[in-house]
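All remarks here apply to the structure that follows.
The values are calculated or read from the model by the stated rules, or taken from the named source; none is laboratory data. This structure is a prediction, so every number in the text was calculated from the model and none was measured. For neighbour counting, all protein chains shown are included, and Cβ atoms are generated from backbone atoms with ideal geometry for every residue, glycine included.
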Amino acid sequence: MAYDEGLVEILRSDLAEVPNIVEKRMFGGICFMKDGHMLCGVHSEGGMFRVGKPRQDAALAIEGAGPMKFTGRPMGGLVDVTDEALADDTRRGLLMALALENVAELGPR
């Protein structure tokens, strides 16, 4: 199953003014990297944000976000989001802020 190109365009628009963003094909979809670190992306079943373990509980409290389980087990610091959550400006904005905060703490690669 292919990813939703419309959701990719939404993230591209959100990140248009953010410096050092690179797109990569990952997880059967598109991943956006900032300063060499995974930030967010779109895959065949929705989207994902790398919020980091310190912000994971805050991210999981947002409707439509759940644990990332690509490997069958939860992946710490990553949250999976439904298409609806990714398309919602408010929820996506909250998740993006958490992900940008996480990447800022990591510093450039």
Taking region 68-82 and the residues there that are touching a residue at least 12 places away in the same chain (Cβ under 8 Å) and more than 12 Å from the chain's Cα centre (by Cα), the one that is surrounded by the fewest Cβ atoms within 10 Å (Cβ to Cβ) would be GLY76
Residues in region 68-76: is at least one of a type outside the set (A, V, I, L, M) and modelled with pLDDT of 95 or more?
no
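Name the residues in region 9-28 that are more than 21 Å from GLY107 (Cα to Cα), among the hydrophobic types (A, V, I, L, M, F, W, C) and either part of a strand (DSSP E or B) or modelled with pLDDT under 95 (or both), would you? Write out each step before concluding.
Filtering region 9-28 down to residues more than 21 Å from GLY107 (Cα to Cα) leaves 9-13, 25-28.
Restricting the remaining residues to those that are among the hydrophobic types (A, V, I, L, M, F, W, C) gives 10-11, 26-27.
Those that are more than 21 Å from GLY107 (Cα to Cα), among the hydrophobic types (A, V, I, L, M, F, W, C) and either part of a strand (DSSP E or B) or modelled with pLDDT under 95 (or both): MET26, PHE27.
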(1) touching a residue at least 12 places away in the same chain (Cβ under 8 Å); (2) of a type in the set (A, V, I, L, M); (3) surrounded by fewer than 20 Cβ atoms within 10 Å (Cβ to Cβ) all hold for ALA97 apart from (1)
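Can you pull out the helices (runs of 4 or more DSSP H) entirely within region 30-109 that have at least 3 residues that are over 16 Å from GLU9 (Cα atoms) and among the aliphatic types (A, V, I, L, M)?
Values: elements: 56-60, 83-87, 89-106.
In region 30-109, the matching helices (runs of 4 or more DSSP H) lie at 56-60, 89-106.
Over 19 Å from ASP89 (Cβ atoms) and surrounded by fewer than 17 Cβ atoms within 10 Å (Cβ to Cβ): which single residue out of GLY36, GLY52 fits that description? Spell out the reasoning first.
On the way: GLY52 fails: surrounded by fewer than 17 Cβ atoms within 10 Å (Cβ to Cβ).
Only one candidate qualifies: GLY36.
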